[in-house]
Amino acid sequence: MPLLPRTRTRRPWMPWARVALVALLVTGAAYAALELGHRFLGLQKLTIETVSISGCRGERLEQAQAIADRLCLGKPLFWFDADRLRETLEARRWVKGLLIRRDPPDRLSLVIEERKPILWLARPEGVYLVSDDGIVLDRLNQVDLSAIPVVADPKSQEDGPMVQLIRAATSLRNRQKEFYDRLTELRWSAKGPVAYLEGLDAPIYLSKAEPTKNIPNFQMLYLNELSKRPDLASLRYVDLRWDDEIAVGEPMDAQPPRTQARPR
């Protein structure tokens, strides 16, 4: 009578166990080789002894350096917790991005991308910097007084108008830097963004869709004509919203003299 063939039960976890065992052996062998090389051959141990940071300076550099030293010094160069370092640094509102570079045998290099301030935000509790991506940054201090326009009008600080003003300011900075550098204030109105220029009291109405419209023409007009007018301070407005035209609000006519009633 023939014997029935014997079959083995397949274990689906066996290949994974073998892979894990091989990985463990390779890791142990590599670690042992590094230890032997470090102890007997004078090789570096690949631990972080120096953290260099670029992309920021001053107080911000000191903050980033303290965080990086606390989380990285003495840790293995290729096995330290990079995710924790990134999360901790990017939790600082002024940090927009972080590049981490390992420089064997013992150096860690960090490149920090700072958020760029676009506006000052004047509130009753203080004055703050606002970045071009809408993040409220540092409070005003006497060390870093950036020459950027301020948003002081309370209605302009509401969410909708503030987003529009950030977009307008970014467009002006990127495409009309000379004009942007001379701005002292920005507001939002039913007509769109309103700019106030250094040396000119009259509001300048900008286009909602294209804030940079007619600015080169305005600069020529201001330089050649408006700045030479004796009644410059009495101009009511300058409107740049029209295609290839600039509307200037002339001073109001003098009020007529009051008539006095005759006694009866």
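Hey, what's the per residue convex hull volume over the C-alpha atoms of the range 83-147, in cubic angstrom? The partial results should precede the final answer.
Working: hull volume 7.3 nm³, N = 65.
For the range 83-147, the hull spanned by Cα atoms encloses 113 Å³ per residue.
Accessible surface of the range 114-260, 1.4 Å probe: 50 percent of it comes from carbon and sulfur atoms.
Residue separation of Asp201 and Glu245 scaled by 0.36 nm, minus their Cα-Cα distance, works out to 13.8 nm of gained length.
The Cα center of the range 103-154 and the Cα center of the range 171-204 differ in position by 20 Å.
Working out 0.36 nm times the residue gap between Arg107 and Arg175, then minus their Cα-Cα distance, what length gain in nm do you get to one decimal? Let's see the in-between values first.
Values: separation 68, 0.36 × 68 = 24.48 nm, distance 4.00 nm.
Length difference between fully extended and current span is 20.5 nm.
What would the Debye formula give as log10 I(q)/I(0) at q = 0.12, 0.18, 0.26 Å⁻¹ for the alpha-carbon point model of the range 143-217, no solvent? The computed values of log10 I(q)/I(0) come out as -0.29, -0.66, -1.39.
Between Val127 and Ser227, how high is the FRET efficiency from 1/(1 + (r/R0)^6) when r is the Cβ-Cβ distance and R₀ = 30 Å? Nearest 0.05.
On the way: r = 30 Å, r/R0 = 0.99.
Approximately 0.50, to the nearest 0.05.
Averaged per residue, what accessible surface does the range 105-224 expose to a 1.4 Å probe, in Å²? Before the final figure, lay out the partial values.
Details: 6000 Å² over 120 residues.
Result: 50 Å² per residue.
Near Ser189, the amide H atoms lying under 5 Å from its own belong to Val194; only residues 5 or more places off or on other chains count, and H is placed 1.01 Å from N. Remark: for residue pairs Lys116/Lys177; Lys96/Lys208; Lys96/Lys213; Lys191/Lys228, the C-alpha separation exceeds 25 Å in Lys96/Lys208; Lys96/Lys213; Lys191/Lys228. Once backbone amide H atoms are built at 1.01 Å from N, Lys96 has Glu113, Glu114, Arg115 as its partners under 5 Å, excluding neighbours fewer than 5 places away on the same chain.
Computed over the range 64-202, the convex hull of the alpha-carbon atoms projects to a mean area of 10.9 nm². Label positions at Arg70 and Ala209, each projected 7 Å from the Cα along the C-beta direction, are separated by 5.2 nm.
In percent, rounded to a whole number, the relative contact order of the range 154-196 is 37, using alpha-carbon pairs under 8 Å and six or more apart.
The values are calculated or read from the model by the stated rules, or taken from the named source; none is laboratory data. None of the values given here were measured: they were computed from a predicted structure. Backbone-built Cβ (ideal geometry, glycine too); neighbour counts: all protein chains shown. We work out accessible area using only protein heavy atoms, side chains counted, and drop any ligands, DNA or RNA first. Shrake-Rupley method; radii C 1.70, N 1.55, O 1.52, S 1.80 Å.
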